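This report concerns only the one structure given below.
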Amino acid sequence: MLPFYEETSSNYSIFVEKCGHISPHLHQQLELVYVLSGSLELGIGQELYHMEQGDLAFIFPGLIRHMQVFSPGDNKALHILCAPGFIQAFSTELIESCPAIPILPAKSLHDECTYILGHLSRHYLQIKNSKGAFTFQDTEKQTPLSDLLMHAYMEILLVRCMPMFSLVPKGSVGSEDIIFRTVSYISEHFREPVTLPGMAHDLGVSQYTLSRVFSGTFHRNFNQYLNEMRLEYAVSLLQHTDHPITEVWLSAGFESQRTFNRVFKEHYHVSPREYKQRTFQQ
């Protein structure tokens with residue numbers, strides 16, 4: 001089954017759900033999967049990892065993932081999806097690299113991590129209604145977590161967990177499958193002058209085949225997907241650095257400031273300069 005492309009518009013989303021068979025998919029957020037009960041098999045690329053209660057997985061942005069469950073009973077997991085730019089000091093590592101082994105066993109987790117993950121799993125519950133839509137239920141009848149508190153939680157989790165990973169270049173993870181090779185290639189080269197013909201040549205496939213991957217798998221064309229990758233990187237620079245606008249769009253790989261402004265306004269409905277001003281006023 002082909003992967004589908006999933007994305008969220010907010011800085012983060014949190015939900016608890018019963019584990020089941022989830023087809024391969026990808027998105028550009030960091031995803032944490034924390035097993036609350038039972039077990040599951042988590043696939044990242046072509047690798048399959050067994051997870052038991054209390055184990056934590058870090059799935060870096062741009063990696064294809066899927067899930068399977070073979071054990072009976074109550075298998076549940078907490079999922080946290082977070083935009084790389086939301087987490088200070090880690091966005092570059094999240095975009096350019098990934099863990100050689102993405103699973104941290106329960107016994108290796110710091111007490112602070114266990115507390116935070118337990119608190120979040122009790123605080124939010126995501127359930128599907130009969131039509132398959134998602135609704136949120138606050139199980140502790142508290143107000144939603146503020147961005148400031150969630151930012152602090154994520155930084156603690158990353159500060160405690162990142163040193164336990166052996167990071168490798170994201171382009172080194174994958175397989176000979178064209179979809180995995182496509183994702184890896186763009187993740188590694190999106191800040192360079194990438195073209196569809198050039199990419200097809202480097203991957204040893206036809207432009208027609210590559211175009212079908214983007215339209216049929218990612219539901220967008222090559223330029224749209226490439227610009228979204230560049231935009232996400234640019235936003236992280238706008239949020240967390242004082243780089244001038246010109247340096248931001250050049251660093252992100254946009255071919256012109258006009259293209260950068262157009263793509264930015266389509267997604268955020270303000271100019272990059274206005275976005276930067278609002279960010280630093282908060």
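The values are calculated or read from the model by the stated rules, or taken from the named source; none is laboratory data. None of the values given here were measured: they were computed from a predicted structure. With ligands, DNA and RNA removed, areas are computed over all heavy atoms of the protein, side chains included. Shrake-Rupley method; radii C 1.70, N 1.55, O 1.52, S 1.80 Å.
Which value, in Å to one decimal place, does the Kirkwood hydrodynamic radius take for segment 204-282 when every pair of different Cα atoms is included?
Result for segment 204-282 stands at 13.6 Å.
Filter the cross-link list 18/276; 107/170; 18/107 down to pairs whose alpha-carbon distance in this structure exceeds 29 Å.
Flagged as over cut-off: 18/276.
Can you list the HN-Hα couplings for segment 36-42, worked out from phi with the Karplus curve (6.51, -1.76, 1.60; θ = phi - 60°), rounded to whole Hz and with x for Gly and Pro?
8, 7, x, 8, 7, 10, 9
Could you give the distance between the Cα centres of segment 183-207 and segment 49-69, to the whole Å?
Rounded to whole Å, the Cα centres lie 27 Å apart.
Which whole-number percentage describes the relative contact order of segment 7-116, with Cα contacts under 8 Å and a sequence gap of 6 or more?
Relative contact order here is 34 percent.
Going by amide H atoms built from the backbone, whose H comes under 5 Å of the H on residue 19, apart from near neighbours?
75, 76, 77
Summarise the long-distance tail of P(r) for segment 42-98 by giving the % of C-alpha pairs beyond 14 Å.
Considering segment 42-98, 62 percent of its Cα-Cα pairs are separated by more than 14 Å.
Which far-off residues, 5 or more places away or on another chain, put their amide H under 5 Å from the one on residue 49, with H placed in the peptide plane?
Result for residue 49 returns 42, 43, 44.
Hey, can you grab everything whose amide H is under 5 Å from the amide H of residue 88? Only 5+ residues off in sequence or another chain; H modelled, so Pro and N-termini drop out.
The answer is none.
With θ set to phi - 60°, apply the Karplus curve 6.51 cos²θ - 1.76 cosθ + 1.60 along segment 161-167 and write out the HN-Hα couplings as whole Hz, x wherever there is a Gly or Pro.
Using θ = phi - 60°, the values come out as 9, 4, x, 7, 9, 9, 8 Hz.
Considering only protein heavy atoms, what per residue accessible area in square angstrom results for segment 183-245 with a 1.4 angstrom probe?
Heavy-atom SASA per residue in segment 183-245 reads 45 Å².
If the reach is capped at under 17 angstrom between alpha carbons, list the aspartates and glutamates near residue 265, excluding any in the same chain fewer than eight residues apart.
228, 232, 255, 274
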